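Only one structure is covered here, and it is reproduced in the block below.
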Amino acid sequence: MLILQSIILGIPQGALYGLMAFGISLIFRTVGVMNFSHGNAGMFSAFIALTVFLLTQNLLLAILCAVIFGILLGFLIEKFLMRPVKHLSHGGMLIITLGILMILEGLAQIIWGVNPFSFNELVSGPPLMFTLGEDGLLILPLNDLLITVISLGITILLAVFLKVTKVGIAIRARSQDEVGSKVVGINTNMIDGLVWGIGISLSALVGVLIAPKTTVTPTMMMNMQLYGFTAGVLGGFTSLYGSILGGIILGILEKIVGIYISPDYQLTIILLIIILMLAFKPSGLFAKKFEGRV
Amino acid sequence: MLRVENLSVNYGHVKAVKEISFEIKSGEIVSILGANGAGKTSALFGVSAVVKSKGKVFYKDKDISGFTTYQRVEKGIILCPENRRVFSGLSVEENLKMGSYLRGNYQKNIETAYRMFPILKERKKQAAGSLSGGEQQMLAVARALMSDPELLMLDEPSLGLAPVIVDQIFKALVELKRSGMSILLVEQNALKSLKISDRAYILETGRIVHSDDAKTLLNDEKVKKSYLGI
């Protein structure tokens with residue numbers, strides 16, 4: 001029973017890891033840079049949501065503002081920070097994302113301080129309960145259910161967008177061959193901006209969805225960044241659904257370790273998974289055969 | 001149709017193309033010949049703005065030097081790049097769809113493409129990366145044609161292909177010329193390309209050293225010896 005309960009609690013958490021991983025891997029596949037500032041971009045967006053909420057008391061508007069801010073932030077990062085160094089080196093881009101990570105954290109501290117703010121859940125109310133057998137009781141919080149539905153819905157939506165729309169195919173084309181995509185007339189700068197926008201807006205969404213649990217602080221997304229990256233490694237950066245599945249597996253595993261071993265070991269296990277995956281199956285569990293960066 | 005003046009392409013300190021000038025008139029096939037490393041590919045990249053270049057490019061007497069690659073594609077200047085550059089993880093059909101990303105009538109052109117290279121129709125659902133080299137080259141040419149080029153630039157379309165397929169591609173080029181397309185051809189296979197060209201330029205270490213009618217060049221002793229191997 002305990003194991004079922006940990007799975008049920010792990011799925012919503014994992015769905016958020018998956019959403020995080022989806023953004024990180026979308027940017028990685030297309031532009032070729034591991035975005036270390038991903039989590040903090042989401043953190044900053046969560047602060048935007050908090051501010052809008054405190055001003056208007058409208059939660060939906062606040063979330064919408066955070067997502068839109070995320071898209072804008074992504075565009076700006078690409079246009080002013082990534083584009084100038086794009087053809088110099090990937091290492092340079094990586095260092096810049098580290099810089100953005102620190103700048104966003106510092107800015108958040110200056111503007112909003114280090115004290116945690118609480119943030120509302122999407123829905124409140126008594127959790128769903130199921131009785132199973134003699135004294136089995138499963139608890140499913142409503143908010144968790146909604147988070148799972150939103151995460152899976154958005155993943156499927158994005159996967160369909162990448163699969164069938166002209167712009168979606170262009171994103172995949174650009175991730176496979178930059179010169180090839182240029183000569184067919186794809187505006188690669190625009191595509192890169194779009195990918196950064198989508199990626200960061202996903203992190204913004206994760207930020208506002210996890211905020212009720214973590215509270216809103218400048219370091220709220222530190223774990224998310226790490227777990228999102230691990231979910232990506234686990235699922236494989238090459239597969240559309242791999243990141244979300246990797247995320248869910250990771251979420252469940254985390255809860256199981258927390259319940260059966262000790263919460264102290266959760267992070268250790270995550271880091272172990274990264275090392276083991278990179279050593280034995282670097283392409284990830286759900287990777288298609290390696291085709292360039294995609 | 002296309003006039004290039006003093007085009008230079010540099011990669012850091014390496015000067016790949018040094019102030020070359022050439023032109024292509026409407027409806028012509030023009031070849032650029034030269035050994036490996038002479039700067040042929042860089043010259044085409046310069047014309048397409050895939051890499052940064054100095055100098056002026058005029059298209060239909062309009063200065064397009066400041067145009068980006070996609071703006072030039074919009075005008076009908078299409079490059080079919082060296083090494084095919086097909087999107088290996090995308091299906092053949094998706095590759096062709098990307099060909100008409102900016103211009104060209106997809107429905108009409110896909111029929112033409114499949115008629116010209118029937119094997120592509122058989123493989124339309126297959127990932128481009130799983131095609132043979134020859135099929136990938138056909139796909140690259142078909143993809144370039146999807147955008148209704150006015151000026152088609154081909155970089156080594158016969159590289160690594162079986163002679164039968166090379167013939168097939170050259171036949172397609174002659175057909176395209178007949179339909180009114182202008183073609184700029186870069187080829188290792190100098191004899192074959194001179195045979196279908198109107199004029200040719202010879203590039204040596206980034207400079208144009210010679211240019212003439214294709215027929216004259218075919219009978220030129222020096223050209224014969226250095227480039228045709230006869």
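All of the numbers you see were taken from the coordinates with simple rules; none came from a lab. Keep in mind that what you see is a predicted model, and the values were worked out from it rather than measured. We place every Cβ from the backbone using ideal geometry, glycine too, and count neighbours over all the protein chains shown.
From the list A:ALA15, A:ALA66, A:ALA62, which residue is small (Gly, Ala, Ser), in contact with a Ser or Thr (Cβ under 8 Å, 6 or more places away or on another chain) and within 19 Å of A:GLY232 (Cβ to Cβ)?
The unique qualifying residue is A:ALA15.
In region B:37-63, what count of residues is obtained for those that are surrounded by fewer than 18 Cβ atoms within 10 Å (Cβ to Cβ), more than 14 Å from chain A (Cβ to nearest Cβ) and without any contact (Cβ under 8 Å) to a residue 60 or more places away in the chain?
Number of matching residues: 8.
What is the residue count in region A:105-131 for residues that are farther than 28 Å from A:THR219 by Cβ, surrounded by fewer than 11 Cβ atoms within 10 Å (Cβ to Cβ) and among the aliphatic types (A, V, I, L, M)?
1
Checking the conditions here, which among B:SER31, B:SER42 is over 22 Å from B:ILE196 (Cα atoms) and either in a helix (DSSP H, G or I) or touching a Lys or Arg at 6+ places or on another chain (Cβ under 9 Å) (or both)?
It is B:SER42.
So which residues in region B:119-130 are under 21 Å from the mean Cα position of the chain (by Cα) and within 14 Å of chain A (Cβ to nearest Cβ), if there are any at all? Explain how you work it out, then say what you get.
Narrowing region B:119-130 to residues under 21 Å from the mean Cα position of the chain (by Cα): B:120, B:128.
Passing the criteria: only B:ALA128.
All but one of (1) assigned to a helix (DSSP H, G or I); (2) within 24 Å of B:LEU159 (Cα to Cα); (3) more than 14 Å from the chain's Cα centre (by Cα) hold for B:GLN71; state the number of the condition that does not hold.
Status for B:GLN71: all satisfied but (2).
Would you mention how many residues in region B:69-92 are more than 10 Å from chain A (Cβ to nearest Cβ) and over 27 Å from B:LYS52 (Cβ atoms)?
So the count comes out to 1.
Check B:ASN109 against each of (1) more than 14 Å from chain A (Cβ to nearest Cβ); (2) polar (S, T, N, Q); (3) over 18 Å from the mean Cα position of the chain (by Cα) and name the one condition it does not meet.
Result: B:ASN109 passes all but (1).
Could you please give the count of residues in region B:155-172 that are under 30 Å from B:GLN71 (Cα atoms), more than 11 Å from chain A (Cβ to nearest Cβ) and not polar (S, T, N, Q)?
Residues that pass the stated criteria total 7.
For B:LEU176, all conditions in the list (1) under 14 Å from B:VAL86 (Cα atoms); (2) more than 14 Å from chain A (Cβ to nearest Cβ) hold save one; what is the number of the exception?
(1)
Say we look at region A:155-206 and pick out the residues that are within 8 Å of another protein chain (Cβ to nearest Cβ) and of a type in the set (D, E, K, R); which of these is surrounded by the fewest Cβ atoms within 10 Å (Cβ to Cβ)?
Among them, the one singled out is A:LYS166.
So which of A:LEU81, A:LEU128 is under 16 Å from A:SER37 (Cα atoms) and free of Cβ contacts under 8 Å to residues at least 40 places away in the same chain?
A:LEU81
Check every one of the strands (runs of 3 or more DSSP E) wholly within region B:139-230 and list those with 2 or more residues that are more than 26 Å from B:GLY104 (Cα to Cα) and acidic (Asp, Glu).
B:207-213
Are any residues in region A:207-237 farther than 16 Å from A:PHE47 by Cα and surrounded by fewer than 22 Cβ atoms within 10 Å (Cβ to Cβ), and if so, which ones?
A:ASN223, A:LEU226
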